[in-house]
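Report on the structure given below.
Nothing in this text is a laboratory measurement; each read-out follows from the coordinates by a stated rule. It should be emphasised that the depicted structure is a prediction, and the values quoted were computed from it without experimental measurement. For neighbour counting, all protein chains shown are included, and Cβ atoms are generated from backbone atoms with ideal geometry for every residue, glycine included.
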C-alpha cells in the first residue's frame, strides 16, 4: 500500500474520491473535474499505477492498493481507511469512477459502515459490472436493455447504456436527465459515465440536504442541460433553414417545369399547324395534277378528231378532182 497525502485546496471542506483514473486519454476529463468540482484524491490498483501516473500531478492525494490475488475491494478499503486515519486527512464528499472496473469498487466503498455515501447499490453494481459477468459484456448490456450482440467497439453508446441501467429502480425519476446526458455531444466518454452514475443520487437529495460535492455536480448538470438546449436550438434553426432552402428550390423547379410544359405545348401547336398546311398543299397538288391529266386527255382527243377531219377532207377533195 502506498500513501501519498495532500491537503484539499484552500476554502474547500473535502474532496472527491476518483477510483481508477485510467489512461492518459482521460486527462482532459480529470482537469475539468478539478477545475469545476474541486480537489480530487486518486485511488488506484498498484498494477495500474504506471499507466495512471499522468493523473498524479492533478491529484490532491494519491493512494495505491495491492490486492495480491485476494479480495480487491477489501484491500482497497484498507488502503483508503489508513489514508483517512492520518491527521488532517480531508473528508471524502463523493466517490466516482469512469472505468467499468471501478464501479463495483465504488459501490463497495460507499456502503454504510465505510464511506456511507450515495451510490449505486453493491448488488446492482455486481449484477451488471463487466468484472462480475466474467468477460461477457454482451450479457451485461443485454440485461441493461441493449438488444442483440453488443461490443463496445461496434456500439459506442453501449457503456453509457450499461451505466444508465445500473441506477436502482427507484431512480426512474431521473430518466429524462440520464437520456439527455447520453445524447449530449459536448461530453467526453469519461465525463458522461461519471454524470450517469452520480446524477440520480444528487437529484433525489433535497437541495437543503445536499453536501458540497452534490451541489457542484448539480451545477455541472445545469451547464450540460443549458449547452444541450443551445445545441438543439442551433440544430433546429439549421434544419429549418435547410427546409426553407429546399422549399425554395422546389418552387423554382416547379416554375421551370411549368415554363417547359408551356414551351412544349406551343411547339406542338406549331407542328400541328404546319402538318395541316402541308396536308392542304398535298391535296391542292393532287387536284392540280388531276386537272392537268384531264387537259392532256382532252388535247389528245382533239388531235385525234382533227386528224380524222383532215383525212376526210383529203378524201373529199380527191373525189371532186
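At-a-glance table
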{"item": "Ranked 103, 177, 63, criterion: other C-beta atoms within 10 Å, fewest first", "result": "177, 63, 103"}
{"item": "Euclidean distance between Cα centres, the range 90-129 to the range 233-249, Å", "result": "46"}
{"item": "Per-peptide average of other Cβ atoms within 10 Å, ordering 216-228, 108-120 highest first", "result": "108-120, 216-228"}
